[in-house]
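Every read-out reported here was derived from the displayed coordinates using simple, explicitly stated rules and does not represent laboratory data. Quantities reported herein were computed from a predicted structural model and do not represent experimental measurements. Backbone-built Cβ (ideal geometry, glycine too); neighbour counts: all protein chains shown.
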Amino acid sequence: MAQPDKVPDAVVQLRSARAKLDSIKTELKEARDEQAQLETKINDLLAQQREARKERNDAVLAADAAKIPRLTISKEVGMQRSNVYKLLDSGNTSDS
């Protein structure tokens, strides 16, 4: 059998450089795919957060209409009293 031709060192270096760049390109693509998935997840969670805040605000307004003390509302909903008062003030003026 004929002995295979020895590949010149310059060609070996070219192949090595190509393999390294291909590996980096693959990892970069995977990272970008992960980033896109995370951005989608973040956007979904932000939408859920907006909906949950709307539900919380509606519950605060309903509790105030039911004459629940505002301090109790603040404690139960986990909001600062000043934010509860702002919500109730804006909720009451928009209903008028």
Keeping to the range 28-56, report how many residues are under 8 Å from the mean Cα position of the chain (by Cα) and not β-branched (Val, Ile, Thr). 7
Residue list for the range 56-68, filter: of a type outside the set (Lys, Arg) and more than 19 Å from Gln80 (Cβ to Cβ): Ala62, Ala65, Ala66
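Answer yes or no as to whether Asn57 is polar (S, T, N, Q), in contact with a Gly (Cβ under 8 Å, 6 or more places away or on another chain) and under 30 Å from Ser74 (Cα atoms).
In short, yes.
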